[in-house]
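A short write-up of the structure that comes next.
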Amino acid sequence: MAYGVVLVPDAGVSRALVDLSQEIGAGREPLMLLGDDAPPHVSVLHADCADDRIPEMVTAAHPYRERSFEVTVIGLLYAVVPPGDYYVPSGGYYFGLEVIRRPGLDELHREFLGLGMPALGLVGEDFRPHITLGVTTQPPALPPLERVPAGSLRMTMASGPVGPFGTFPELTGV
């Protein structure tokens, strides 16, 4: 089972990010937009986790559940996703917020990578923290740039099964 550890913003920031996702992706043949089954998050690690190892991932995340993490958004990225991508097999257009890979976030990523479960996506030297806002089949719209968050966001740790397009419909610890 694909299982992950993520950082999630508070309810107010989450709502603003869902609204931004919907604005950018509306009418663009969305494959995935943020919402109830796709909460905004910064992934720490997604792994191919055998059912009997899920408790290990949950236990490793537990000490961090009460802690607040600061992530810094540095911009809005649009990218073409080629067909055959793990998260978007059909291909499409990705849009999301890029986050600075600070040492603390990188150490957290490496700690969970060190559990030895087969990692999914970009990891290790290629780890690129971000908040996926959506994926569409048509080029996404450009929102008013003043609506794009920049600067620091406070987030807390959660974990759960990875859903379609790298979403987390069933997070624990939120």
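The values are calculated or read from the model by the stated rules, or taken from the named source; none is laboratory data. Just so it is clear, the model here is predicted, and its values are computed rather than measured. For neighbour counting, all protein chains shown are included, and Cβ atoms are generated from backbone atoms with ideal geometry for every residue, glycine included. What goes into the accessible areas is simple: the full protein's heavy atoms, side chains included, and nothing from ligands, DNA or RNA. Shrake-Rupley method; radii C 1.70, N 1.55, O 1.52, S 1.80 Å.
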Exactly one of (1) outside any strand (DSSP E or B); (2) of a type in the set (Ser, Thr, Tyr); (3) in contact with a Ser or Thr (Cβ under 7 Å, 6 or more places away or on another chain) is unmet by residue 93. Its number? (1)
Output the qualifying pairs, or none if there are none: Cβ atoms under 7 angstrom, residues six or more apart or on different chains, first residue in the range 126-151 and over 13 Å from residue 81 (Cα atoms), second residue part of a helix (DSSP H, G or I) and acidic (Asp, Glu). 127/106; 143/23
Considering the range 91-104 alone, what residues qualify as being open to solvent by less than 20 Å² (accessible area, probe 1.4 Å) and more than 13 Å from residue 135 (Cβ to Cβ)? 97, 99
Tally time: how many residues in the range 8-32 are of a type outside the set (D, E, K, R), out of contact with any Leu (no Cβ under 8 Å at 6 or more places or on another chain) and buried (at least 19 other Cβ atoms within 10 Å of the Cβ)? 3
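Matching residues to (1) of a type in the set (S, T, N, Q); (2) within 13 Å of the chain's Cα centre (by Cα):
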site: 3; (1), (2): no, yes
site: 16; (1), (2): no, no
site: 20; (1), (2): no, no
site: 44; (1), (2): no, yes
site: 50; (1), (2): no, no
site: 78; (1), (2): no, no
site: 90; (1), (2): yes, no
site: 95; (1), (2): no, yes
Just for the range 63-90: of the residues that are touching a helix residue (DSSP H, G or I) at 6+ places or on another chain (Cβ under 9 Å) and assigned to a loop (DSSP other than H, G, I, E, B), which one is most open to solvent (accessible area, probe 1.4 Å)? 86
Search result, residues across the range 1-20 that are touching a residue at least 60 places away in the same chain (Cβ under 8 Å), under 19 Å from residue 153 (Cα atoms) and in contact with a Pro (Cβ under 8 Å, 6 or more places away or on another chain): 8, 9, 13, 16, 17, 20
Residues of the range 34-62 classified as of a type outside the set (A, V, I, L, M, F, W, C) and in a strand (DSSP E or B), total: 4
Restricting attention to the range 107-164, which residues are more than 30 Å from residue 54 (Cβ to Cβ), in contact with a Lys or Arg (Cβ under 6 Å, 6 or more places away or on another chain) and not in a loop (DSSP other than H, G, I, E, B)? 136
